[in-house]
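Report on the structure given below.
Where a number appears in this text, it was derived from the coordinates with a stated rule and is not lab data. Only a predicted model underlies this, so the values are computations on that prediction, with no experimental measurement involved. So basically every Cβ, Gly included, is an ideal-geometry build from the backbone, and we count neighbours across all protein chains shown.
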């Protein structure tokens with residue numbers, strides 16, 4: 001049996017908070033292709049606490065020290081977005097393969113620097129847009145490519161998530177738009193990526209991006225803070241293939257209707273929905289051709305890549321990403337989505353912002369460059 005690739009994970013809160021403990025560690029523990037070999041946190045005391053909490057013998061509080069270890073194959077970066085650039089660049093300079101959570105950078109310039117260095121180093125990179133490893137979304141993509149839908153006429157996507165204006169002191173930093181981690185970059189960014197994954201690239205975009213709730217109440221301190229991070233995006237677009245897209249993602253105060261995608265073609269219809277987000281919770285997938293009523297669309301088993309030992313929930317699609325990354329490393333092939341893809345998604349988000357600022361539509365090319 002091939003020896004597993006060894007992962008050094010940066011970002012492991014001993015209290016179990018954050019995406020590392022919630023998704024990455026359970027995923028790595030259920031796999032044979034890769035294994036969790038080391039943890040890295042920001043301080044010696046937090047590293048020691050993480051070692052005890054997760055039963056990992058090797059811990060570091062210096063990313064550079066961990067990255068130069070010869071037996072670490074992959075550095076996984078699961079820290080706050082403002083630190084992504086620093087940590088990723090350190091790992092790349094050490095010649096490591098890198099898995100970084102989305103957003104790749106706090107801004108487009110950072111993402112371009114990371115993608116450029118990864119290409120120069122010739123390493124395999126992965127970005128945590130794990131919805132692309134979800135079996136249901138992959139099945140939608142396959143059905144579209146096979147012509148099951150016919151020509152796509154209209155697509156309607158909505159993500160209305162409850163909780164606007166409510167946060168806590170640990171997450172208050174996300175209210176600053178310059179930090180690059182907010183509802184539009186994260187939740188809407190993931191969701192617009194699913195749209196292009198399933199139905200193909202956009203050719204024209206016209207968007208409104210706004211901060212509808214400019215103050216947050218911090219429940220643990222009672223404080224109210226001013227924020228400028230965007231919480232709403234409305235997008236009207238034309239697919240490169242000719243269909244039209246209506247996309248609405250917003251953080252709303254209460255009773256949000258969550259995620260739903262409707263795809264209408266000349267031959268078929270698909271409706272997908274989930275109570276949270278596709279990268280976190282299972283999708284209900286229904287479809288029909290012609291005038292037939294919508295019914296459940298069974299997902300082919302061949303599309304399930306996460307090992308059975310990985311628990312349901314956030315870890316499943318993350319595990320699918322690690323499976324495919326390990327395969328790409330062993331074969332010396334490009335992984336999708338990689339840092340170049342992440343850079344293109346950052347460009348698309350920048351196009352939405354610019355369209356909103358100037359109040360007009362923008363044309364996109366195949367790499368989401370706009371003019």
Q: Please report, in whole Å, how far the alpha carbons of the stretch 70-174 spread along each principal axis, starting with the longest.
A: 49, 40, 26
Q: Just need the relative contact order of the chain here, percent rounded to a whole number, with Cα pairs under 8 Å and 6+ apart.
A: 20
Q: Rounded to the nearest 0.05, what FRET efficiency do residue 179 and residue 258 give with R0 = 30 Å and r taken as the Cβ-Cβ distance? Could you check?
A: 0.75
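Nearest 5 is fine: what % of DSSP beta bridges in the stretch 139-268 come out antiparallel, could you say? Provide the component values of the computation, followed by the final result.
Details: 26 of 37 bridges.
Counting only bridges with both partners in the stretch 139-268, antiparallel ones make up about 70 percent.
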Q: Scale the Cα Rg of the chain by the rule-of-thumb value 2.2 N^0.38 Å and send over the ratio, two decimals.
A: 0.98
Q) Sorted by average packing, counted as other Cβ atoms within 10 angstrom per residue and highest first, what order do 2-12, 297-307, 257-267 take? A) 2-12, 257-267, 297-307
Q: Would you mind getting the Kirkwood hydrodynamic radius of the stretch 35-105 from its Cα pairs, rounded to one decimal in Å?
A: 12.3
Q. Using 0.36 nm per residue, how much length does the chain from residue 296 to residue 357 gain when fully extended, once their Cα-Cα distance is taken away?
A. 17.8 nm
**Q.** Nitroxide proxy distance, nm - points 7 Å out along Cα→Cβ at residue 240 and residue 29
**A.** 4.2
Q) Could you give the alpha-carbon Rg of the stretch 1-78 over 2.2 N^0.38 Å, rounded to two decimals? A) 1.00
Q) Roughly what would the spin-label model give for residue 2 and residue 121, points 7 Å off Cα along C-beta, in nm? A) 2.1
Q: Divide by every residue of the chain the summed helix terms, -39500 (n - 2.57) for each DSSP H run of at least 4, and state the resulting mean residue ellipticity at 222 nm, rounded to the nearest 500 deg cm²/dmol.
A: -9000 deg cm²/dmol
Q. Where the convex hull is taken over the Cα atoms of the stretch 257-331, what is its projected area averaged over directions, in nm²?
A. 6.7
Q | Between helix 84-93 and the chain: long-axis angle, C-alpha atoms, 0 to 90°, nearest 10 | A | 60
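Relative to the compact-globule scaling 2.2 N^0.38 Å, provide the ratio for the alpha-carbon radius of gyration of the stretch 83-126.
For the stretch 83-126, the normalised Cα radius of gyration is 0.98.
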Q. What base-10 log of the normalised intensity I(q)/I(0) is obtained for the stretch 311-371 from the Debye formula, alpha carbons as equal point scatterers, at q = 0.14, 0.21 Å⁻¹?
A. -0.59, -0.82
Q. What does the convex hull of the Cα atoms come to per residue for the stretch 102-243, in Å³?
A. 144
Q: Compute the long axis of helix 135-146 from its Cα atoms, compare it with the longest principal axis of the Cα atoms of the chain, and write down the angle in degrees, 0 to 90, nearest 10.
A: 50
(Q) Run the numbers for residue 68 and residue 80: contour at 0.36 nm per residue of separation, minus the present Cα-Cα distance, in nm. (A) 2.1 nm
(Q) What is the angle, in °, between the Cα long axis of helix 339-358 and the longest principal axis of the Cα atoms in the chain? Nearest 10 is fine, range 0 to 90. (A) 50
